[in-house]
């Protein structure tokens, strides 16, 4: 799941109260922050935002310390986390969060059964802890129980669950610390789905690896990949995004998609679309 960033900071974020969605159906309303919001992210019953001063706010369900601060199990209103300095990006996985600072440092908290916080152990963490890395990071992405980071020199790091090869290795089954992913090109963007990973190269090529039961790697079949495999996109991409089991890329001609299409996520294509098709315009 990738976070959203706004060019113009906003003091109100439209969201849904967690218990409203669980008990009474969707109800959207403005969420008030103390400062203007410049970046937001959403997960399964978890929400995060960063204000203009780099302060992180969280709200939602607090299982295993997923909100990163002392609070009730269900928290309707955003609360500030004071221990993450000058954050610029937040990403949310299944019951955990990662926050990237302006200095390129990474913090993690919440569920950690597969080592997805990158802290060197498998215990849940109720407050932000720094992830040890010698590299300065440019961006991050989170899957259900694994995470990716793009370094400032175009390399990709991965950690957490590796049960489907989403760390681009045949072993081990998980990693509690960031490991370098061997890619043939310099990378400028990363995205993560439920159990799969994507990377966009400077030249516009896209590579995928990990879980592929719904064709979400876009390589023409539904077999998992334990190594980065180039996706045969007919055009060079300029941006990419990943859902749970599908993915999309933007090229000069429009939007291309592949993977699970059971709910028409990629338009008028097969229910399982194992190779890229253009669906807009």
Residues of segment 131-150 that turn out to be touching a strand residue (DSSP E or B) at 6+ places or on another chain (Cβ under 6 Å) and surrounded by fewer than 23 Cβ atoms within 10 Å (Cβ to Cβ), as a count = 6
Any chance residue 243 is surrounded by fewer than 23 Cβ atoms within 10 Å (Cβ to Cβ) and on the phi > 0 side of the Ramachandran plot | no
Candidates 157, 167, filtered to the one that is crowded, with 23+ Cβ neighbours inside 10 Å, within 20 Å of residue 214 (Cβ to Cβ) and touching a strand residue (DSSP E or B) at 6+ places or on another chain (Cβ under 8 Å) = 167
Scanning segment 231-250 for residues that are assigned to a strand (DSSP E or B) and touching a residue at least 40 places away in the same chain (Cβ under 8 Å), which turns out nearest to residue 278 (Cα to Cα)?
-> 249
Kindly provide the set of residues from segment 176-190 that are part of a strand (DSSP E or B) and either free of Cβ contacts under 8 Å to residues at least 60 places away in the same chain or buried (at least 22 other Cβ atoms within 10 Å of the Cβ) (or both), ordered by number.
-> 178, 179, 180, 181, 187, 188, 189, 190
Of all residues in segment 58-82, which are modelled with pLDDT of 95 or more and under 19 Å from residue 104 (Cα atoms)?
-> 81
Output yes when any residue across segment 98-110 is more than 24 Å from residue 71 (Cβ to Cβ), part of a strand (DSSP E or B) and without any contact (Cβ under 8 Å) to a residue 40 or more places away in the chain, and no when none is.
-> no
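The values are calculated or read from the model by the stated rules, or taken from the named source; none is laboratory data. Quick caveat, the model's predicted, so the values are computed rather than measured. Counting neighbours? That spans all protein chains shown, and the Cβs are built from the backbone with ideal geometry, glycine included.
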